[in-house]
Every structure is written in C-alpha cells, then in structure tokens.
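Q: For reference, the structure I am asking about is given below.
The values are calculated or read from the model by the stated rules, or taken from the named source; none is laboratory data. Every value quoted in this text rests on a predicted model; they were computed, and no experiment measured them. Neighbour counts run over all protein chains shown; Cβ positions are idealised from the backbone, glycine included.
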Amino acid sequence: MPFDALPASPAVKVRDVALRDGLQAIARTVPTEIKRLWLQQAYEAGLRELEVGSFVPARLLPQLADTAELVTFAKTLPGLTASVLVPNLRGAQAAMEAQADWMLLPLSASHAHSLANLRKTPDEVLREIEAIRAARDAAGSACRLEVGLSTAFGCTIQGRVDPAEVLRLVRALVDLGVERIGLADTVGYADPAQVAALFTQAFELAGDRLACGHFHDTRGLGLANVYAAWSVGVRRFDACVGGIGGCPHAPGASGNVATEDVAWLFASMGQPTGLDFERLIALRGRLATWLDGEPLHGSIWRAGLPKTLRTPG
C-alpha cells in the first residue's frame, strides 16, 4: 500500500529512554546539571514521555544515582510524563516517594537472562510485580505500572525464546492488573515477520494494555521492526537520542533505535509524532559533546532530511 493511501491512525508516541537505558550502558557519570539541560532540551524537541533514570543501588549504577532529582525536575515541565525503571519492591517504593508518573518493571521472557539480570526466575519476578502492585495500591500512590517484557524475541544467553512463554507471561501480567505491557527486543534478534506475529498474538491477550515496542538496532533491523509493530497496531515506542544504550548481556550491541530516526520514519509516512527534527538533531550534537568518545548511532543525522519530506513531526 502506498504511504499516501495509509489509513488515518492515532498519533505515534515516542518515549525517549536515553537518560536511563542509554546511560546505564555507559560507565561515565554525567553531571546532574547536564542531565537537567538534556531533559529540558528533549522536552523542547517535543518529547512528552521520558524515562529519566532507575532506582537501583548507587553502588551498582552510580551514573543513575540522581534519579529522584531528575524526577523532581521533570515534574516542573508541563505535560511531561516521567517514568523510571525499578528492579524490585525497594526501587518501587523509591519511585512512589519521588512521585514518578510510571514505574517500569523489567521481566525477562528468557529464563537464563532473568537469572543473569535479576537473579530471579521469571515466575519469581511475577511474584515481585504482584507485591509491588499491592504496595502501590495500599499506599494510594498514583504511580502506574508498566512491565517491559525483555528478550521477547531471543536471548544472547539462552538463544531462542518460545513465543508461547512470552504469551504466558503476558497473560499473567494481565491477570496481575498492570496498566501497561511492552515487548522488547533487548538484544537485537528480532525480524519484522516475528515482530508482527508476536505483537498480533499478544494483542489478543492484552488488548490496549499492550502499549509499547522497544527495539534495538544491533543487526540493522531496528526501524524495520518498529514499522512491523506499527503495522499491527502499536502506537508507542521507546527510542534513544543518538541510538545509545544496550544490554550488558549483548556485547557489541549498537543500542536502541535512534529517536531522530524513528521520528523520520513516521514523518516520511505522514504519521504525526509531535517531534521537532531540528531540535532533536541539535540535542544529538550536544550529546556528542557531553559523551565525548562514546559511540553514537543512527542515520538521519548523517544524511539529513530529504527535500521531499512533506510534514516534519
């Protein structure tokens, strides 16, 4: 179907996760004042969802130790939704105290990855999620729960991940009452056919609760997989400015799909995202200075926008 004939659809939402997923893969600690500037400029580029950090012990990820400060700053920006990653109940309590809008809970579909990443089996993580939801409800907190199903399309440790196991976990999360569920290609193993098939099956179980696609561009299929997910109904995606990030259990991974490339993909099809290319590219340029020496990825910054682009953003 030609792009001009594509049916009207709800606007695509992009959550930039560079301040968490991106920085956790980089050993250096970016000063908090630079992170505030980063967050402000991402907001000015049109991003209205940002993952600003993670409540993990500072001894494990010192580069994310200022997450509570960033949540506080994010809440000064009108209309901005701030999410944080939490690995356990203690992290969830910190997220609620900081008044984050969303807490993102990781759940590996790969048994081996779950043990390596969280030292728990997937079913043990499900029990932790149940305890977090109960604690949230008991506290009367407005912080909502999103679970990211990582390694949903394959695992560098385990290899193949059975789609039936992914769907079992999706069903369990629906039963637990989490507000949102996402499927993540954590290590860049997915292909577009696989993405379309698994999201279609998961939608049958989770409906509108299935609300995010998270893709890495490790093997060059990141944007193709974003398009495949969009084609079966996904309208919200994670991305990182400059394509930074990656899983510690996927050595050599190039990182998340670049926010500016995702914005270009949808603009080229006339699908609105509300993102400003010039400001995104400017932010990427500043990122190259703030993270001097760290590899950045993506394509549109190098080639520029084509003259045939109809409506940016």
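Q: State yes or no: is V178 among the β-branched types (V, I, T), within 30 Å of L287 (Cβ to Cβ) and either at pLDDT 95 or above or within 19 Å of the chain's Cα centre (by Cα) (or both)?
A: In short, no.
Q: Being surrounded by fewer than 24 Cβ atoms within 10 Å (Cβ to Cβ) and either in contact with a Phe, Trp or Tyr (Cβ under 8 Å, 6 or more places away or on another chain) or hydroxyl-bearing (S, T, Y) (or both) is the filter here, so list the residues in the range 69-86 that pass it.
A: T72, T76, L77, L80, T81
Q: For residues that are in contact with a strand residue (DSSP E or B) (Cβ under 9 Å, 6 or more places away or on another chain), closer than 20 Å to G188 by Cα, aromatic (F, W, Y) and assigned to a helix (DSSP H, G or I), tally how many sit in the range 201-241.
A: Here the count works out to 1.
Q: Determine, yes or no, whether C155 is buried (at least 16 other Cβ atoms within 10 Å of the Cβ), in contact with a strand residue (DSSP E or B) (Cβ under 9 Å, 6 or more places away or on another chain) and more than 30 Å from T289 (Cα to Cα).
A: yes
Q: Scan the range 77-87 and tell me whether some residue there is in a helix (DSSP H, G or I), under 29 Å from P272 (Cβ atoms) and modelled with pLDDT of 95 or more.
A: No.
Q: Name the residues in the range 102-150 that are basic (K, R), touching a strand residue (DSSP E or B) at 6+ places or on another chain (Cβ under 6 Å) and modelled with pLDDT under 95, would you?
A: none
Q: Right, here's the next one. Residue check, S114 against (1) farther than 20 Å from V226 by Cβ; (2) small (G, A, S); (3) touching a Cys at 6+ places or on another chain (Cβ under 9 Å); (4) crowded, with 18+ Cβ neighbours inside 10 Å, all met but one. Which one?
A: Condition not satisfied by S114: (3).
Q: Here is a further query. Checking E204 against (1) closer than 22 Å to R171 by Cβ; (2) modelled with pLDDT under 95, which single condition isn't satisfied?
A: Tallying (1) closer than 22 Å to R171 by Cβ; (2) modelled with pLDDT under 95, E204 fails exactly one: (2).
Table: residues versus (1) hydroxyl-bearing (S, T, Y); (2) at positive phi; (3) modelled with pLDDT of 95 or more; (4) crowded, with 21+ Cβ neighbours inside 10 Å.
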{"position": "R168", "(1), (2), (3), (4)": "no, no, yes, no"}
{"position": "A197", "(1), (2), (3), (4)": "no, no, yes, no"}
{"position": "L210", "(1), (2), (3), (4)": "no, no, yes, yes"}
{"position": "Y227", "(1), (2), (3), (4)": "yes, no, yes, no"}
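Q: When you check Q63 against the structure, is it at pLDDT below 95 and under 30 Å from G46 (Cα atoms), yes or no?
A: Yes; evaluated as a whole, the condition is true for this residue.
Q: Then there is this: Please pick out the residue among P78, P87 that is without any contact (Cβ under 8 Å) to a residue 12 or more places away in the chain and not hydrophobic (A, V, I, L, M, F, W, C).
A: P78
Q: Let me ask something else. Any idea which of G298, G293 is surrounded by fewer than 14 Cβ atoms within 10 Å (Cβ to Cβ) and either small (G, A, S) or touching a Cys at 6+ places or on another chain (Cβ under 8 Å) (or both)?
A: Matching residue, one of G298, G293: G293.
Q: Can we say A25 is buried (at least 16 other Cβ atoms within 10 Å of the Cβ) and without any contact (Cβ under 8 Å) to a residue 60 or more places away in the chain?
A: So A25 does not fit the description; no.
Q: Then there's this: Scanning for something touching a Lys or Arg at 6+ places or on another chain (Cβ under 6 Å) and assigned to a loop (DSSP other than H, G, I, E, B), does the range 45-57 turn up at least one residue?
A: Yes, the conditions are met somewhere in the range 45-57.
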